[in-house]
Every structure is written in C-alpha cells, then in structure tokens.
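Comments concern the structure below.
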Amino acid sequence: MLKMEHVAVNIGDRIVLRDVNLHIKPGEVHVLFGPNGSGKSTLLGAIMGFNRYKITAGKIWFKGQDITDMPVDARSRLGIGIMIQRPPTVRGVSLRQLAAICARGDISVNIEELAKAVNMDAFLDRSANEGFSGGEIKRSELLQLMAQNPDFVMLDEPESGVDLENIALVGEAANRILERKNLSTAQQRRERIKAGLIITHTGHILDYVPADIGHVLYGGTISCNGNPQEMLDCISKYGYQHCIRCSTEGGGSQ
Ligand code: ADP
Ligand code: MG
C-alpha cells in the first residue's frame, strides 16, 4: 500500500527527517510513537504531500505508484487521507460543505448519517472548526475522513484533547474508517484492504483499534519496529532512551 525508502524531509532549511524506511501492506495498521518534536506529524504531512514539507531525498510509493512529487490533491484522489493534529478554522465554509467536498460527489455518502455517528450532526451548518472544542475538532476530522473514504488512513493523535466519554466514539469511528470491524474469519481479515498509520502518545486508541506493527521515531528517523502493545509498555516503563539503545545495539527490529 505504502512504501518509503531512504526519505529525508526538510521544513525550510531544517532537516527534520532522514533515511526513513517504512513499508505498510494492505490491511495493516501501523502505529508511530516518538517524543514531542521528533517529526511524527512531519512524516504524515510528507506522505500526504503538504507543501511545507520538502522531500529532499528518497522515494514514496503508494499502490505501486511513485507519489514523491505528486501534489496533495492527486494523492487524496489516489486514496490517501489524513486526520491532522491541529486543523485550521475554515470560516465561511460549513462542515457540511467541507464533508461534501471530501465525498467528491459520491451519492452513496450520507453526510447526515456520518455526522450522527460521530455526534456532529448539530455542527453541520457551522463554519468548519470555528469555536469547536478539542474533541469536536477531532470528530469533525473523522467525519471528513468517513466522507472521503480513503484506502490509506493517517490519524495524528486522534485521542488528544478528547475526554474519556468520547474516546470510545473516536475509537469506533477510526475502526469504521479502517474497516477493522466485523471481520471474524481469517479469510475476511486476509481480504481486508484498508491500511493505516496512527500516531499516539497515550496508546488509548489502541484499546479500540487493533494495530499490527509499531515504530519509534527518534533522532529524525525510525529506530525501532515491533509489537505495538509491547513497545508502548516498554516506552511507558523505560522511556524513549531505551529505543536508542535498542537500535544502536544492532538489529533495530525489535
Ligand atoms: P511531532 O509531531 O513529533 O511532535 P513535528 O513533526 O510537529 O513533531 O515537528 C518536528 C520538528 O519540526 C519540531 O522541532 C518542530 O518545531 C519543527 N517544525 C514543525 N513545523 C514547523 C514549521 N512550520 N516551521 C519550522 N519548524 C517546524
Ligand atoms: Mg505532532
């Protein structure tokens, strides 16, 4: 689904990421851990193609196509979607209009129904994100993602600023977007296509969305890969320093 090889990313003249390698297969959900400022949002933004992030080396492929130099709207049409950490207020454009733009004329998309699923039906005719609380902004982003229905879904700290009551709702919506539900047989799980990359600090989202592989971003690059829950336990206990030790001791595979 997504492959990155030796990718380096600059913001202005500053090197934020270097030599990033990542391979996400169809049906897989990966989790990205890393301290504040380590470049997690930069990595997601570079995959989406936001022009603030300059890819200075390496290549990104999506569904076998080289998207390294592709503009953001073309990547979105190919099936990449993102829930950004701090989306802007879009004054004068209602949440309903924004969701309709995300749906790109797909008449099977019922915006009212999707808005109800994330408890945002009362917000549809307000300017997108204007005066929304932290949790409302996250639910507004989820509504737009559901309307877009991308094959590859990136969630940047979906649970931050969301109170405990709403965490379950955010988790359910993320599961719905990733089609992680109602897959009871091994056959159904094998046929699952939708893939994702989730940034989480607290790991709360992992209580709802089962993840397959975890990575740690440290020192501008991905330094560890492993079981997401074990990594989260390890980071909570020993901190990110442990990850450097792990990667410098060779391997970097666990
Ligand atoms: P994370 O999501 O892991 O907290 P970010 O990707 O947001 O980290 O940021 C990585 C680094 O890039 C940080 O040091 C941050 O200050 C810097 N950065 C992010 N956005 C900008 C920007 N627009 N201009 C300059 N520096 C930026
Ligand atoms: Mg971030």
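Descriptive notes on the structure:
- Dipole magnitude (debye, nearest 20) for the chain, charges at Cβ of Lys, Arg, Asp, Glu: 500
- 28 Å Cα-Cα reach of K40 towards lysines, excluding residues that sit fewer than 8 places from it in its own chain: K3, K25, K54, K59, K63, K138, K181, K194, K237
- Bridges between two residues of the chain, per DSSP, are antiparallel at a rate of about 60%.
- Footprinting exposure proxy ranking of V93, V9, fewest other C-beta atoms within 10 angstrom first, gives V93, V9.
- Here the relative contact order of the chain, from alpha carbon pairs under 8 Å that lie six or more residues apart, stands at 24 percent.
- In degrees, nearest ten, helix 164-177 long axis to first principal axis of the chain (Cα): 90
- Normalised by 2.2 N^0.38 Å, where N counts its residues, the alpha-carbon radius of gyration of the range 122-166 equals 1.19.
- Here L32, L78 are placed in order of increasing Cβ neighbour count within 10 Å, fewest first, which gives L78, L32.
- Positive dipole terminus of the chain, leading residue within N225, Q85, P158 (C-beta point charges): N225
- Only helices enter this figure: runs of n ≥ 4 DSSP H residues, each worth -39500 (n - 2.57), summed and divided by the residues of the chain, yield -10000 deg cm²/dmol at 222 nm to the nearest 500.
- Derived value for the chain: Kirkwood hydrodynamic radius 18.7 Å. Basis is the mean of 1/r over every pair of different alpha-carbon atoms.
- Residue exposure sequence - E165, E141, E112, E5 - by fewest surrounding Cβ within 10 Å: E165, E112, E5, E141
- The angle separating the long axis of helix 228-238 from the principal Cα axis of greatest extent in the chain is about 60 degrees.
- Listed residues E136, E157, E230, most fluctuating in the chain (Gaussian network, C-alpha, under 10 Å): E230
Here, each number is a calculation from the coordinates, and none is a lab measurement. As the structure is a computational prediction, the values presented were derived from the model and not from experiment. Ideal geometry is used to build each Cβ from the backbone, glycine not excepted, and the neighbour counts take in all protein chains shown.
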